[in-house]
1. Conditions first: (1) assigned to a strand (DSSP E or B); (2) in contact with a His (Cβ under 9 Å, 6 or more places away or on another chain); (3) buried (at least 18 other Cβ atoms within 10 Å of the Cβ). GLN81 passes all but one, so which condition is the exception?
2. If only one of GLY369, GLY342 is on the phi < 0 side of the Ramachandran plot and at pLDDT below 95, which one is it?
3. Quick check on the range 59-67. Is at least one of its residues buried (at least 20 other Cβ atoms within 10 Å of the Cβ) and within 23 Å of the chain's Cα centre (by Cα)?
4. Please list, ordered by first then second residue, the pairs with beta carbon atoms under 9 Å, 6 or more apart or interchain, first in the range 398-425 and over 23 Å from LEU191 (Cα atoms) and free of Cβ contacts under 8 Å to residues at least 40 places away in the same chain, second assigned to a helix (DSSP H, G or I) and among the polar types (S, T, N, Q).
5. Being closer than 21 Å to ASN115 by Cα and either outside the structural domain of PHE109 (by TED's automatic domain parsing) or surrounded by 15 or more Cβ atoms within 10 Å (Cβ to Cβ) (or both) is true for just one of ALA391, ALA396. Which residue is that?
6. Out of (1) within 20 Å of ALA31 (Cβ to Cβ); (2) under 26 Å from the mean Cα position of the chain (by Cα), the odd one out for LEU276 is which?
7. Which residues, taken from the range 118-133, are within 22 Å of GLU85 (Cβ to Cβ) and within 19 Å of the chain's Cα centre (by Cα)?
Amino acid sequence: MTRPLAWRRAQLGQLALMLRAEADQLTTALAEDMGKPEIEAWLTDVAAVRKDIEGIERRLDNWTAPRHVRVPWTLRPGRAQVVPEPLGAVLVIGPWNYPVRCLVLPMAFALAAGNTVAVKPSELAPATAELLAKLLPSYLDPRAVVVVPGGPDVAQDLLAQRWDHVFFTGGGRVGRLVLAAAAPHLTPVTLELGGKNPAIVDHSADVDVAARRLVWGKFLNAGQTCVAPDYVMVDRRAEGPLLAAMVKQVNKMFSDDPRTSGSYGRVVNEAHMARLAGLLAATKGRIVTGGTSLPADRYLAPTVVADVSWDDALMEDEIFGPILPVVSYGSVDEALAHVNAGDKPLALYLYCEDSDLVERVVAETSSGGVCVNHNAVQLAVPGLPFGGVGASGMGAYHGRAGFDTFSHAKAVLRRPQRGEVPLMYPPYGRLKRWVLKKVV
């Protein structure tokens, strides 16, 4: 049922139609759950996902076509192919920070690969989860797609079942639980996690450009983005100008009172508000902008903290909120040593005009991806695989990588029944042994 390309295209078309026809409902739900500004929600969770799905549909013929492989002369006549086939039944567990994007897009890749899919939206985005539970069955084939709402107990029950692939987006703590739950069934797992993504600002950087892009990338979705810059490392020669430029950009983008801005979101819930408030209370750094909060409104101002040391509370774990610590360094060696001493991040950002430094950073660090002179926008390149490495995740999707994640590359060799020299078969006399040693 799910293997014919016509069926797969129909499901992708229906998903794209849902994102177009129900955009207003989806952005309203996102605003209720996350306080997302309407245009931000539409761009990141709706329009961009629809464009990606339309791209998947256009490339489906190419991705599903068998790939021919050269056969060595010793096995000729023969034809070898790699044939993509569906894995089977796939479970997708979505996150709360981008509850449409990070559920619908992996589901689209799973359907494109010809699988059946069960999806569990995050209970921490309840309005969006309820809406998706209503919309998806009405647009997609209910024989192949099921939505399972619920909390951690439901996720545990789902993970106890046998799946052919599990795709999880979220934090490292839960990611480890997902991996452990999949192990008894030897189920392959894709983990899209996160980490402390560093942004290195070299003295050669245009600090005004860097500040504008860092402020946008960090405070998008109130800092609750897995690829957001988690902290900034800046050359001491550029530290003062960069801080001044970031304060200017915060005021320019969100006004001098971001609480009233229609372009700034909210923290997801009280627990995360309390966690972020605790980090601000514990830091020994200097707040250069922001720091104010209204817990009842789940509001925490866009906050930049300077004079942060490597052992500060803000540098221990991923912040995942609208707090941006800034650490100064004296040499690039010091900055790279710090990056390489910790877990491998999901993304690494570098702002500079020195091409040699760019190549050095790419060569001497390991991360899910690198973006030079911008941040977060690497996700907008359909052909780039997106995924982590080490503690920031395993596996990847987006573009061809997404199709491959949910497919098995089956090796197929075809040989005719006639037309071979029977050298490989016993008995191995003197002549056969001599020939085999010469030709193999």
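1. Just one mismatch for GLN81, condition (3).
2. GLY342
3. no
4. What qualifies is LEU423/THR74; MET424/THR74.
5. Answer to the selection: ALA396.
6. (1)
7. Matches in the range 118-133: VAL119 only.
Residue by residue, here is whether (1) in contact (Cβ under 8 Å) with a residue 12 or more places away in the chain; (2) farther than 18 Å from GLY290 by Cα; (3) of a type in the set (D, E, K, R); (4) assigned to a helix (DSSP H, G or I) holds:
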{"residue": "ALA199", "(1), (2), (3), (4)": "yes, yes, no, no"}
{"residue": "ALA210", "(1), (2), (3), (4)": "yes, yes, no, yes"}
{"residue": "GLY217", "(1), (2), (3), (4)": "yes, no, no, yes"}
{"residue": "GLY240", "(1), (2), (3), (4)": "no, no, no, yes"}
{"residue": "LEU243", "(1), (2), (3), (4)": "yes, no, no, yes"}
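The values are calculated or read from the model by the stated rules, or taken from the named source; none is laboratory data. This structure is a prediction, so every number in the text was calculated from the model and none was measured. All Cβ positions, even for glycine, are placed from backbone atoms using ideal geometry, and neighbour counts span all protein chains on display.
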